[in-house]
Amino acid sequence: MTGTGSIGRRLTLLLAGVAALLSVLSWGMVTMLARQAAERTQDNVLAASVTAIAETLRSEQGEVRLELPYSAFSMLGAIGEDRVFYTVTAGDRTLTGYADLPVPDGRGGPGRIVFATGTYRGEAIRIASVTRVVLAGTSPVPVTVTVAQTRDGVGTIAADLSQLAAILAVAFFVVAVGLSAIAARTSLRPLKELTAAVSRRGPSDLRPLRRAAPSELAPLMGALNRLMDRLNLSLRRSEDFIAEAAHRVRTPLATVRTQAEIALRSVTDDADKQRLRQMIRAVDESSRSAGQLLDHATVAFRADDLPRAPVDLADLAARTVAALEPTAAMKEIRLQLDAVPAQVSGDPVLLDSALRNVLDNAIKYSPEDTVVHLQVMSIAHEARIAVTDQGPGLGEGPARALTERFRRGSNTEGIVGSGLGLTIAEEVLRAHGGRLDLGAGERGKGTCVTLVLPSS
Amino acid sequence: MRHACLAILLSLWAAAAPAQEIEAHRYYPGTGERVLRVLSTTDLEVFEPYLLAFQAARPEISIDYSVASSAELHRAIRDGAVYDLALSSAMDLQFQLANDGLARRYRSDATAALPDWARWRDLIFAFTAEPAVVVLSTERLEGLPLPRTRQDLISLLRDHPDRFRGAIGTYDVRDSGLGYLYATQEDRATDAYWRLTEVMGRLDPQLYCCSGQMIDDVSAGRLALAYNVLGSYATDRLARESGGRLQILRMQDFGNVMLRTAIIPATAEEVEAAGALIDMLTRLGLRDEPGDWPLPPLGQPDAGTTTGFGPIRLGPALMVYLDPLNRRAFLTEWENAMEQRQP
């Protein structure tokens, strides 16, 4: 599998990028607005100042008089420590103040305050100016009051607010990155849960996934379920095929065997008899293999949806021993059963199949004239059937591998077998929540196969 | 061209206050070549301890100390006279110099430690806060109640015109920058100022240029009362003479507190030395204990008992009364009130 990076990381980075962009934008906007607000405040104060001065304009004995109100200048200190310049002109004559202070052009008519930005004595200034017409003597004289202030205070206020905005923007960004990570993780959680649900499943669990999923994951789940459906179907089909094939093989084999036995009875030549006996044994083996294949298919089929019924392992063992007594007798093998009642809950057909395969193996690998010992026990929460033979043992190699399909022990030469017996038993027991233990018999001789099931 | 407006501003000022020469001058030789030229309104005898302390710390610097009136100081700096440091009690004139770009920026840890109200734009630095007080002659006021407010004072003067006729001293605000500052601030702060001025005007007041002379005259018994005397000088003299002949009163309805300020003129050459002296003065201005210095610190122990708005604020409003039109109007009114013909 090749990775193309993490969705979570990509999502986090994307959200963090958006947050960074927004932080910078908001900082820029706050800075701009702060500057504008500070400038507007300065304009308002300057306007109030020129208005206060203009209101004192009056005419006395044909001369324009005014007095600078204290408040008109003290209010200018509100913005910051800014230098203040002012001038009052009547017509072309400077009445008072700084004669060289630039006065904004474009007089907006009487009473309208005109603002301008300029430079005076090497410093940037903001100028407010208002013109009033005063009747001096007989002729009306336009009197212009101009107040100007440096812009340091505005800059300081704007810089302070800008710095505050920068701190807030950084804090916002940090919080946003944290939230982005959380958001990415939260939105990817259903995906993780789905993955966990799929990987938790057993190897043969092909049931469709039934869980609530976000709409984005529904197609994936649908596809997964369809895939599992198809897989299940094809698996089922191949099991069916095996079962069908085994069944079809067994019936003609039975016919062949019957005919061979009849022939055995009618021939007199020893060589012919020997040949017929070999034939019968081969047919038996084939029939057994077919039976095991059928068993295996049955296990695979029934284990998916295990029917459970109370089963006494002592009864089960007795029945199986009775069924295999004839086979054992052919090799002069005695089956010895020690049983105590041991209740389990399970499928009687499968359990019978499992024990039969184990016992069959034991008989098959035992030398003639020996004893196969079956012991049914109930220990703590487990019910056990131990099958011990006096055969050659498990041989070299890992014992676990013997339960794999078509795997046979290393010391089985000369004995016909399919390698399915222990596989079937293992699968049955696992389907019941139990296990198959393989070990050596007493005093290290022979084999002890133990079927372990949870007691009910 | 640059100073065209100054000419207008100063034309009336110049007419009202004729040019004055340097009143006193002393040279304190140091070990090095450098000379710090200080122009100040503070009398030599008052300021000498500061200069000696500075020279103890920086012996290589010679000090050239000149005393002038606040108006003269203002005019000198305005005209571009070369000084390294200008110390004045007239806040308004100092402020105008700073506002008009005739002061040089200076910043140090010592000036940064000053409260906001004691500096402006790193151009002007306050190092003392001195209240305006009333000085009374105990002997001549015997048996009379001590006035606590201007209203009390008005009643006292009205009720006993004979005792006070010709025996009231106050600043000639046409002459004294500090007197003008005190008067305009009082005009702004209390209604009683003009009534008091009129009452004093009827009693043939004596007008002075300086606090020192007023205190001398009260002490000598020539004056019964001196109004708006600079507190620091008064207390200084009182402590020295301690004959009990003088009483110091602070008006409880409103009290002006003046800040003595320093600027480094734009023409300064020894900026570093001037800055060092400012640092020393502002550190002394922020001292907690009164100590053995002739001038009070910025935060006085009894500042809390002063009514009013605290020290006069360093701000553009100080320039309002310096406007020639406003000044002319104020002086006209003041003269009308002060120089009344006897009935």
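Figures for the structure shown
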{"quantity": "Extreme residue, farthest from the other protein chains (Cβ to nearest Cβ), among residues of region B:73-95 that are in a helix (DSSP H, G or I) and surrounded by fewer than 22 Cβ atoms within 10 Å (Cβ to Cβ)", "calculated": "B:Ala76"}
{"quantity": "Count - residues of region B:180-202 that are among the aromatic types (Phe, Trp, Tyr) and open to solvent by 40 Å² or more (accessible area, probe 1.4 Å)", "calculated": "1"}
{"quantity": "Enumeration of residues in region A:88-109 that are assigned to a loop (DSSP other than H, G, I, E, B) and loosely packed, with under 12 Cβ neighbours inside 10 Å", "calculated": "A:Asp92, A:Asp105, A:Gly106, A:Gly109"}
{"quantity": "Selection from region A:135-159 of residues that are open to solvent by less than 10 Å² (accessible area, probe 1.4 Å), in a strand (DSSP E or B) and of a type in the set (A, V, I, L, M, F, W, C)", "calculated": "A:Val143, A:Val145, A:Val147, A:Ala148"}
{"quantity": "Test result for B:Phe47, in contact with a helix residue (DSSP H, G or I) (Cβ under 9 Å, 6 or more places away or on another chain), in contact (Cβ under 8 Å) with a residue 40 or more places away in the chain, open to solvent by less than 10 Å² (accessible area, probe 1.4 Å) and in a helix (DSSP H, G or I)", "calculated": "no"}
{"quantity": "Cβ-Cβ under 8 Å pairs, at least 6 apart or on other chains, region B:275-297 side among the hydroxyl-bearing types (Ser, Thr, Tyr), far side open to solvent by 20 Å² or more (accessible area, probe 1.4 Å)", "calculated": "B:Thr282/B:Ala113"}
{"quantity": "Residues of region A:85-137 classified as within 30 Å of B:Ala266 (Cα to Cα) and hydrophobic (A, V, I, L, M, F, W, C), total", "calculated": "11"}
{"quantity": "Members of region B:204-221 that are charged (D, E, K, R), in a loop (DSSP other than H, G, I, E, B) and buried (at least 18 other Cβ atoms within 10 Å of the Cβ)", "calculated": "none"}
{"quantity": "Qualifying positions in region B:222-242 - open to solvent by 10 Å² or more (accessible area, probe 1.4 Å) and at pLDDT below 85", "calculated": "B:Tyr233, B:Thr235, B:Asp236, B:Arg237, B:Leu238, B:Ala239, B:Arg240, B:Glu241, B:Ser242"}
{"quantity": "Any chance A:Arg302 is basic (Lys, Arg) and closer than 30 Å to A:Ser234 by Cβ", "calculated": "yes"}
{"quantity": "Residues of region B:185-203 satisfying the condition of being over 21 Å from B:Gln252 (Cβ atoms) and either within 13 Å of the chain's Cα centre (by Cα) or part of a helix (DSSP H, G or I) (or both)", "calculated": "B:Glu198, B:Gly201, B:Arg202"}
{"quantity": "Top-ranked residue in region A:39-84 [being surrounded by fewer than 17 Cβ atoms within 10 Å (Cβ to Cβ) and in a loop (DSSP other than H, G, I, E, B); ranked as nearest to the other protein chains (Cβ to nearest Cβ)]", "calculated": "A:Thr56"}
{"quantity": "Some residue of region B:58-72 being at pLDDT 90 or above, under 18 Å from the mean Cα position of the chain (by Cα) and either assigned to a helix (DSSP H, G or I) or in the same structural domain as B:Asp172 (by TED's automatic domain parsing) (or both)", "calculated": "no"}
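One line per residue, one yes/no per condition, for (1) crowded, with 17+ Cβ neighbours inside 10 Å; (2) at pLDDT 90 or above; (3) outside the structural domain of B:Tyr193 (by TED's automatic domain parsing):
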{"position": "B:Ile263", "(1), (2), (3)": "yes, yes, yes"}
{"position": "B:Ala268", "(1), (2), (3)": "yes, yes, yes"}
{"position": "B:Glu272", "(1), (2), (3)": "no, yes, yes"}
{"position": "B:Ala276", "(1), (2), (3)": "yes, yes, yes"}
{"position": "B:Met280", "(1), (2), (3)": "yes, yes, yes"}
{"position": "B:Arg287", "(1), (2), (3)": "no, no, yes"}
{"position": "B:Pro290", "(1), (2), (3)": "no, no, yes"}
{"position": "B:Leu295", "(1), (2), (3)": "yes, no, yes"}
{"position": "B:Leu298", "(1), (2), (3)": "yes, no, yes"}
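The values are calculated or read from the model by the stated rules, or taken from the named source; none is laboratory data. None of these values were measured; they are calculated from a predicted model. We place every Cβ from the backbone using ideal geometry, glycine too, and count neighbours over all the protein chains shown. Heads up: the accessible areas ignore ligands, DNA and RNA and are worked out on the full protein's heavy atoms, side chains in. Shrake-Rupley method; radii C 1.70, N 1.55, O 1.52, S 1.80 Å.
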